[in-house]
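Enquirer: Next up is a structure, given as structure tokens.
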Amino acid sequence: MRGRLKLILLLILCLFFVPLAARAALFAFEDRPSSWNKADWTSAGLLPKAADYKDARLMVLAGRTGGVKGLFAVHSWIVVKREGADSWNRFDVVGWGNPVRRNGWAADGRWYGDNPVVVLDLKGAAAAAAIPKVEAAIAAYRHAKAGDYRIWPGPNSNTFVASVLRAVPELGGTLLPNAVGKDFRDEGFYVGLTDSGTGVELSLWGLMGFKAGWVEGVELNLFTLVTGIDFRRPAIKLPGFGRVDLLSTAVVTR
């Protein structure tokens with residue numbers, strides 16, 4: 001019995017805390033802004049002018065959060081443009097004021113100086129079909145009142161985007177493993193299908209859990225730190241590092 005306990009503790013150490021310690025060592029030498037007003041929030045140049053792009057488009061982007069939080073967490077947001085629209089619309093949830101913000105920043109803006117990563121990118125007919133459902137899910141978000149936001153374990157910015165993906169499973173997307181708060185659910189204890197409907201999930205208040213699905217891959221969650229593997233878009237998932245892609249791209253597009 002004692003030997004099994006030691007093995008379990010060793011596995012937890014290797015899977016969760018060794019990667020986080022390695023990321024912390026790298027983080028200590030990174031040149032990051034010391035405060036929000038010293039960070040670069042301008043466009044990263046990922047998107048064309050909306051007037052020059054006629055098709056519908058739907059995206060999920062993510063950037064590292066500021067301060068020490070940037071060691072282990074990203075902030076996620078949603079960008080939509082209907083066919084023929086002359087502007088991009090960006091939706092975020094933040095922890096101050098009115099939680100759900102529309103166009104508070106450039107659609108492809110840097111987050112605390114970090115260039116955004118594209119997590120999901122749908123174009124044309126697929127985006128046009130999904131956008132009304134996504135907008136309805138945004139309008140129906142349950143934690144949209146001042147004071148609803150909770151940085152850990154949620155509901156936070158990543159809880160918001162995850163709830164939209166959950167409401168529109170045909171998007172076939174999942175958030176980055178270091179999108180802390182993505183596994184928070186109102187019901188607390190949860191056993192059932194994963195957000196995409198392609199696998200099974202067990203979650204204990206978003207703090208601990210396990211999921212295995214074609215879209216989500218395999219994930220182990222320990223106090224919102226996630227480790228795992230993605231077989232569909234080959235990658236390993238490590239606390240602090242997020243996705244470590246084994247191929248050139250891991251963005252869901254169609």
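Taken together, the values in this text are just the output of simple stated rules run on the coordinates, not laboratory data. Everything numeric here is computed off the predicted structure, so don't read it as measured data. Virtual Cβ from ideal backbone geometry, glycine too; neighbours counted across all protein chains shown.
Enquirer: For R150, list long-range residues whose amide hydrogen, built 1.01 Å from N in the peptide plane, is under 5 Å from its own amide hydrogen.
Expert: N156
Enquirer: For the chain, count the residues as N, evaluate 2.2 N^0.38 Å, and divide the Cα radius of gyration by that value, please. List each step's numbers first, then the result.
Expert: Numbers: Rg = 18.1 Å, N = 254, 2.2 N^0.38 = 18.0 Å.
Scaled against compact globular proteins, the figure is 1.00.
Enquirer: Now, a different point. Please report, ordered by residue number, every helix of the chain (full DSSP H runs) that is 18 Å or longer along its axis going by C-alpha atoms and whose mean Kyte-Doolittle hydropathy reaches -1.0. It would help to have the intermediate numbers written out before the result.
Expert: On the way: long enough: 124-139 (23 Å, 1.25).
Long hydrophobic helices here: 124-139.
Enquirer: Translational D (Stokes-Einstein, µm²/s) of segment 1-92 at 20 °C and 1.002 mPa s when Rh comes from the Kirkwood sum over C-alpha pairs?
Expert: Values: Rh = 16.9 Å.
In µm²/s, the coefficient is 127.
Enquirer: Right, another one. If a paramagnetic tag sat 7 Å from the Cα of M208 along the Cα-Cβ line, which residues of segment 11-38 would have the backbone N under 18 Å from that point?
Expert: 11-17
Enquirer: Given the -39500 (n - 2.57) contribution per DSSP H run of 4+ residues, what per-residue ellipticity at 222 nm results for the chain, rounded to the nearest 500 deg cm²/dmol?
Expert: Numbers: 4 runs with 48 residues, N = 254.
Calculated at 222 nm, the ellipticity per residue is -6000 deg cm²/dmol.
Enquirer: For the chain, modelled as a GNM with alpha-carbon contacts under 10 angstrom, which of G240, G97, G154 fluctuates the most?
Expert: Comparing G240, G97, G154 in a Gaussian network model of the chain, the most mobile one is G97.
Enquirer: What pairs in K38/K123; K38/K133; K6/K237; K81/K211; K6/K211 have C-alpha atoms more than 30 Å from each other? Spell out each step's value before the answer.
Expert: Details: K38/K123 34 Å; K38/K133 37 Å; K6/K237 24 Å; K81/K211 32 Å; K6/K211 24 Å.
The pairs that break the limit, which is 30 Å between Cα atoms, are K38/K123; K38/K133; K81/K211.
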